[in-house]
Amino acid sequence: MSQPIGRRAAGGLGLAAFLARHAAAQPATWPERPVRLINSGAPGSGIDLIARLLAEGLAQHFGRPVSVENRPGGGSVLAVQAHAQARPGDSMLLAATGVASTVPYTFTGTLPYDPVADLVPVAIPASEFLCIAVTAELPVRSLGEFVALAKARPGAMNWNSVPGYVELDTRLFLHQQGIEATYIAYPGSPPAILDLAAGRIQMGVQPLTPLLGSVREGKVRALAVTSGVRAPSLPEVPTVAEAGFPGQSYDPFTGLFGWRGMPAAVRDRVAEAVRIVVEKPEVAARLRQAGILARYGSPADLAAVIGVQRDRVQLAVRTVGLRTGG
């Protein structure tokens, strides 16, 4: 026997109200289990420091354990793959924004993750400083002088940079300036910086933190930082815009990504927690000591950065091809 229309309607409204209350409760109850913060950096790297400070702060904020897992290598693909394969809600990924903007265009073979569905932009907790530097043996004191010297000596300069987006963007810069130079691949920043200090390569684009020692010893000359602001640890070094090359401006933001299907309310709750953590004076001070700038960005800010980088990567690919150093 069918129910009266009014009773059926009331029952339907009751179910809808229950579902609405359940959906509203999800953001407030997450996380119900310990959370894995997968980190694409090696132990001791700048991104690893960001991950550990963030994990500590988020654990205090949410009252749940947050563990850091280092998954370096493979252009951050290994870290993203581990994140994509985790149970929804159990992991977040801390990685450079290139996993969403660069790797999809440079990875050879089938990418083991969906750069849109598997990488939900949550927040920007910080940014590192990248420095364009030369060996002190070169008779140049500015980025403009280096460009002029390199153009006058076609094929005589060797260079290296952080792989991925930075390498592609540097190749585009050299091409636009009419510079013929040879890329030398290294397994990481430390050996590249050693060779830069020894004069075996002439120019490098590297994170500022590992460069500082060689700069202060006078073996390497810092010409400019790619960020929109000067680095507190080297305030005398101009930005690329101040040096006359605004098109080379690049803030190497670190992005925090959520999981496939992450509810918007949970995303916003996590983003707010990240803001609270990175704005703590003690966290900002720890990052600043390592040459990293605590700089919060919203989910929309991270998505915008990815969009800008994606456009730049596609331009570089069309112009200089997929010549990455590995």
### Task
Could you check Val134 against (1) on the phi > 0 side of the Ramachandran plot; (2) surrounded by 22 or more Cβ atoms within 10 Å (Cβ to Cβ) and say which number it fails?
(1)
### Task
Would you check if there is a residue in region 137-152 being assigned to a loop (DSSP other than H, G, I, E, B), of a type in the set (Asp, Glu) and assigned by TED's automatic domain parsing to the domain that holds Ala285?
no
### Task
Kindly indicate which of Leu13, Leu93, Leu37, Leu78 is modelled with pLDDT under 95, within 17 Å of the chain's Cα centre (by Cα) and either closer than 21 Å to Thr254 by Cβ or in a helix (DSSP H, G or I) (or both).
Leu78
#### Entry: From the options Ala197, Ala192, Ala224, residue that is more than 20 Å from Ala316 (Cβ to Cβ), surrounded by 23 or more Cβ atoms within 10 Å (Cβ to Cβ) and touching a residue at least 24 places away in the same chain (Cβ under 8 Å)
Ala192
### Query
Here are some conditions: (1) of a type outside the set (Asp, Glu); (2) assigned to a strand (DSSP E or B); (3) without any contact (Cβ under 8 Å) to a residue 24 or more places away in the chain. Val122 meets all but one. Which one does it not meet?
(3)
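State whether the residues of region 61-70 include one that is among the acidic types (Asp, Glu), surrounded by fewer than 20 Cβ atoms within 10 Å (Cβ to Cβ), part of a helix (DSSP H, G or I) and assigned by TED's automatic domain parsing to the domain that holds Ile306.
Applying the first criterion (among the acidic types (Asp, Glu)) to region 61-70 yields 69.
From the residues that got through so far, the ones that are surrounded by fewer than 20 Cβ atoms within 10 Å (Cβ to Cβ) too are 69.
Applying the additional criterion that residues be part of a helix (DSSP H, G or I) yields none.
No, region 61-70 has no match at all.
Answer yes or no as to whether Arg269 is in a helix (DSSP H, G or I), surrounded by fewer than 20 Cβ atoms within 10 Å (Cβ to Cβ) and more than 18 Å from the chain's Cα centre (by Cα).
Judged against the criteria, Arg269 is a match.
Residues Pro163, Pro210, Pro112: which one is at pLDDT below 95 and farther than 17 Å from Ile47 by Cβ? Please lay out each step first, then the result.
On the way: Pro163 fails: farther than 17 Å from Ile47 by Cβ; Pro210 fails: farther than 17 Å from Ile47 by Cβ.
So the residue among Pro163, Pro210, Pro112 that is at pLDDT below 95 and farther than 17 Å from Ile47 by Cβ is Pro112.
The values are calculated or read from the model by the stated rules, or taken from the named source; none is laboratory data. Everything numeric here is computed off the predicted structure, so don't read it as measured data. Note that each Cβ is placed from the backbone with ideal geometry, even for glycine, and that neighbours are counted across all protein chains shown.
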